1. Of SER52, SER233, SER134, SER264, how do they rank once you tally other Cβ atoms within 10 Å and put the fewest first?
2. Which value, in nm² and rounded to one decimal, describes the direction-averaged projected area of the C-alpha convex hull of segment 18-83?
3. Per 0.36 nm of contour for each residue apart, how much would the distance between GLU50 and ASP110 grow if the chain were fully extended, relative to their Cα-Cα spacing?
4. How large is ³J(HN,Hα) for each residue in segment 108-113, as worked out from phi by the Karplus curve 6.51 cos²θ - 1.76 cosθ + 1.60 (θ = phi - 60°), to whole Hz, x for Gly and Pro?
5. Order these by the 10 Å Cβ neighbour count, fewest first: VAL155, VAL118, VAL262, VAL212.
6. Mind pulling the per residue volume of the convex hull built on the Cα atoms of segment 87-264? Å³ is fine.
7. Could you list the chymotrypsin sites (Phe, Trp or Tyr not before Pro) in segment 111-150 that lie in coil according to DSSP, counting only those with at most 15 other Cβ atoms within 10 Å of their Cβ?
8. Fewest Cβ neighbours within 10 Å first, please rank LEU54, LEU152 accordingly.
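Values in this text are rule-based calculations from the coordinates and carry no lab data. Note that this is a predicted model, so its numbers are computed, not measured. Here Cβ is always computed from backbone atoms with ideal geometry, including for glycine, and neighbour counts include all displayed protein chains.
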Amino acid sequence: MEEHESGSLPSTTGKPVQTGGGVQSLERAFDLIELIASEGGPIALTQLAELSQLPPPTIHRLVRTLVKRGYVRQTPNRLYVLGPRFMRLGDASRRVVGNWAQRHLTELVDLTGETVNVAVLDYDGALFVAQVPSKHHLRIFTDVGRRVRLHLSAVGKILLAQMTDQRIREAVNRQGMPAQTPHSITSFEVLQQEITLVRERGYAVDNGEQEVGMRCIAVPVPGMPTLTALGISSPEQRLPDEAIERMVPQLKATAARISEDVLSQEVKPGHP
């Protein structure tokens, strides 16, 4: 006999029960996927039950189906993370974000004269998904698809600043804090102070922490389905403090336009 969830109506046709204009089991499965994704690392069924407020038998049945389909993976210690099928979907969604951002990046390069890029949170790293290079002969260029550590880069710090303090600690514990230059932050306490400053002023700076002679700034792209950062990279001599003060408002305005473009493409509930 088919199991029915509390509050749902039994089906006499063998088809999924629809509630409120949607299929309840699908809605709950997507809720669980979003919870697993937002955790940023392995999560236990007990945590999913607490966060979702769904009955454990319901969660177990839905997660078992997601594991079978490859959208969720069970770790050896019986925790759950997003599965391999989401890698393909994630690549596709990141390309879409990059495509929508491209026009705005070109306009920002024309305004600032420097290389502009977009990065998204990818597990415990920052993944570059779009870039328009500066027209200067001497310029900073980062390959799309390159992944960098969160504590070393301006885009990474902006991604960290959008997380809870607990999630920051978990992410840093998993990835470590190796130095890449003499200027790299290698102390978690110093990183915490830096993230507090980033949150207060609304932008992050990389002062040669990833590469000597390079300076970068970044702001968040608000309201995105995954944590996203918009950044500018430049040789340090072309990005003094006064240039940063001038460019940050331009960065924030461009981030708002990218967000508006992406979110306007989202399907509204009840619409195909």
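1. SER264, SER52, SER134, SER233
2. Dividing the Cα hull surface by four gives the mean projection, 4.4 nm².
3. 16.7 nm
4. Residue by residue, segment 108-113 yields 5, 4, 5, 6, 9, x Hz.
5. Ranked by crowding around the Cβ, least crowded first: VAL212, VAL262, VAL118, VAL155.
6. Output value, Cα hull per residue: 107 Å³.
7. Within segment 111-150, the qualifying chymotrypsin sites (Phe, Trp or Tyr not before Pro) (loop, at most 15 other Cβ atoms within 10 Å) are TYR123, PHE141.
8. LEU54, LEU152
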